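Report on the following structure.
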Amino acid sequence: MFRNLLRKPVFLVVLALLAGWLVFLAITPGHDDDDKLDGRQRRLEDASVSAKGNVVYAAREIKQDDIIAADALEERETLQIKIPFDALTSSSLAVGRMAKRPIAKGQRLSQNDLAPMKDEK
């Protein structure tokens with residue numbers, strides 16, 4: 001009986017399609033993996049958008065050529081994506097340095113506001 005089925009072309013076509021379908025299912029990644037990946041990617045994007053860092057601002061007016069004191073500065077938490085590349089992120093980077101130009105109260109400090117240190121050129 002089985003020998004008779006193997007001789008019929010319809011049966012062979014169905015058998016070939018079934019074998020192909022099984023191979024397809026075996027090598028195709030599941031949709032669950034894609035959903036997990038999309039979820040992880042969304043969480044990473046959300047985390048990078050909501051990540052925060054510190055930015056240094058003048059707590060009071062600082063005159064040109066003044067040596068910057070710690071009480072003249074304040075650090076504020078800001079979204080990471082809004083922090084300019086040249087912004088100071090720690091008041092320790094400015095304390096003891098000379099102001100290259102006048103700095104208004106509430107102004108964000110950058111490297112460009114500080115005179116070079118004696119060993120910098």
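The values are calculated or read from the model by the stated rules, or taken from the named source; none is laboratory data. Keep in mind that what you see is a predicted model, and the values were worked out from it rather than measured. Positions of Cβ are backbone-derived with ideal geometry, glycine not excepted, and every protein chain shown enters the neighbour counts.
Points to keep in mind about this one:
- The set of residues in region 82-103 that are surrounded by fewer than 14 Cβ atoms within 10 Å (Cβ to Cβ) and under 12 Å from ALA72 (Cβ atoms) contains only GLY96.
- All positions within region 52-84 that are among the hydrophobic types (A, V, I, L, M, F, W, C) and under 25 Å from LYS118 (Cβ atoms): VAL56, ALA58, ILE62, ILE67, ILE68, ALA69, ALA70, ALA72, LEU73
- Picking from residues in region 41-96 that are among the basic types (Lys, Arg) and touching a helix residue (DSSP H, G or I) at 6+ places or on another chain (Cβ under 9 Å), the one that is modelled with the highest pLDDT is ARG60.
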